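The values are calculated or read from the model by the stated rules, or taken from the named source; none is laboratory data. Just so you know, these numbers come straight off a predicted model, no measurement behind them. Glycine gets a Cβ as well: all are built from the backbone with ideal geometry, and neighbour counts include every protein chain shown. Note: areas computed on protein heavy atoms with side chains; ligands, DNA, RNA excluded. Shrake-Rupley method; radii C 1.70, N 1.55, O 1.52, S 1.80 Å.
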Amino acid sequence: MSVTIKTPEEIEKMRIAGRLGSEVLDYITPFVKPGVTTGELDKLCHDYMVDVQGCIPAPLNYAPPGYKPYPKSICTSINHQVCHGVPGEKALKKGDIVNLDITVIKNGYHGDTSRMFIVGGEAAGSILARRLCQITFECLWLGIAQVKPGAHLGDIGHAIQKHAEGHGFSVVREFCGHGIGAKFHEDPQVLHYGKPGTGLELKPGMIFTIEPMINAGKAAISELPDGWTIVTRDRSLSAQWEHMILVTETGVDILTLSEGAPRRPELVAHLFP
Ligand code: MF3
Ligand code: CO
Ligand code: CO
């Protein structure tokens, strides 16, 4: 496993890519309404990334070993879909929950971030759907709050697992956060479960994502025949939020923020200086 320490020049480029990724989510937010298809959201995001931002949508034709090329520019994962949902003809319905996952490439560097949306507004969601989205958001932020030089990856995983399971939810094991830079997926793997004090020690200049996938039911997943879409085996709801972070000399910088990014939850306020 080789984990790179980014140079100040690389960090500057990652800041730009990260902000652009988050701005795609800001842009698409008003379009996430009942009746819109995920294919339409994909097209809108694609055109915004390419024509407005001058970015490359990283998912398009992305083909890690063992996968066929990903056919679209964003991932749209609805309800029991965990991640890598492929946009298509399906229209969103009032009360659906959907994750939109955006990865841009700008000047050779990646910006990767995702958010949950409750279609038709917060009040349209079931109590369970709203709780799952909120707890998963808190899991992300509790993970981020662990990040500082000398901390370990296991501290992040543990904080996420404890919060999710403490609320009766489960953590998906097969997919994790990842180092990121000139490559989409780099070392290290950032597990969303684990034991404090274990795993890689964090050092200033590391950049990776934290992107917990939390299920309302059991943790088990399966892959659909399209070769990409991951669903919960028990068809229970699943949520995910993602930020890309930098380990600084004193703590953590979140690289995927923008005007429209949801503010950090009250629950973690005391963990940030
Ligand atoms: N954006 C996803 C992640 O957070 C990866 C999507 S790969 C794709 O790691 F090909 F499905 F787009
Ligand atoms: Co990611
Ligand atoms: Co992502």
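Details
Residue-by-condition table, conditions (1) within 16 Å of ligand 2 (Cβ to nearest atom); (2) acidic (D, E); (3) under 28 Å from V104 (Cα atoms); (4) open to solvent by 20 Å² or more (accessible area, probe 1.4 Å):
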position: L191; (1), (2), (3), (4): yes, no, yes, yes
position: T198; (1), (2), (3), (4): no, no, no, yes
position: A216; (1), (2), (3), (4): no, no, no, yes
position: I230; (1), (2), (3), (4): yes, no, yes, no
position: T256; (1), (2), (3), (4): yes, no, yes, no
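- Some residue of the stretch 250-268 being more than 16 Å from ligand 3 (Cβ to nearest atom), over 30 Å from G150 (Cβ atoms) and touching a Leu at 6+ places or on another chain (Cβ under 9 Å): yes
- Only strands (runs of 3 or more DSSP E) whose full extent lies in the stretch 29-117 are considered here, and the ones with at least 3 residues that are of a type in the set (V, I, T) are 97-106.
- Odd one out for C133, checked against (1) open to solvent by less than 30 Å² (accessible area, probe 1.4 Å); (2) more than 16 Å from ligand 1 (Cβ to nearest atom); (3) in contact with a Pro (Cβ under 6 Å, 6 or more places away or on another chain): (3)
- Within the stretch 232-253, considering residues that are assigned to a loop (DSSP other than H, G, I, E, B) and of a type in the set (S, T, Y), the one most open to solvent (accessible area, probe 1.4 Å): T250
- Number of the exception - Y67 against (1) within 16 Å of ligand 3 (Cβ to nearest atom); (2) touching a residue at least 40 places away in the same chain (Cβ under 8 Å); (3) in contact with a strand residue (DSSP E or B) (Cβ under 9 Å, 6 or more places away or on another chain): (3)
- Residue check, P34 more than 24 Å from C176 (Cα to Cα), of a type outside the set (S, T, Y) and touching a Leu at 6+ places or on another chain (Cβ under 9 Å): yes
- Within the option set I160, I135, being more than 16 Å from ligand 2 (Cβ to nearest atom) and touching a Phe, Trp or Tyr at 6+ places or on another chain (Cβ under 8 Å) holds for one residue only, I135.
- One residue alone among G154, G177, G125 is more than 26 Å from S2 (Cα to Cα) and not acidic (D, E), and that residue is G125.
- Residue count, the stretch 96-125 (criterion: over 13 Å from Q240 (Cα atoms), of a type in the set (A, V, I, L, M) and out of contact with any helix residue (DSSP H, G or I) (no Cβ under 6 Å at 6 or more places or on another chain)): 4
- The residues listed here are I78, I102, I74, I97; of these, the one that is under 16 Å from the mean Cα position of the chain (by Cα), farther than 19 Å from I254 by Cβ, within 12 Å of ligand 1 (Cβ to nearest atom) and crowded, with 19+ Cβ neighbours inside 10 Å is I74.
- For the stretch 165-187, taking the residues that are within 16 Å of ligand 1 (Cβ to nearest atom) and more than 16 Å from the chain's Cα centre (by Cα), the one that is surrounded by the fewest Cβ atoms within 10 Å (Cβ to Cβ) is identified as K183.
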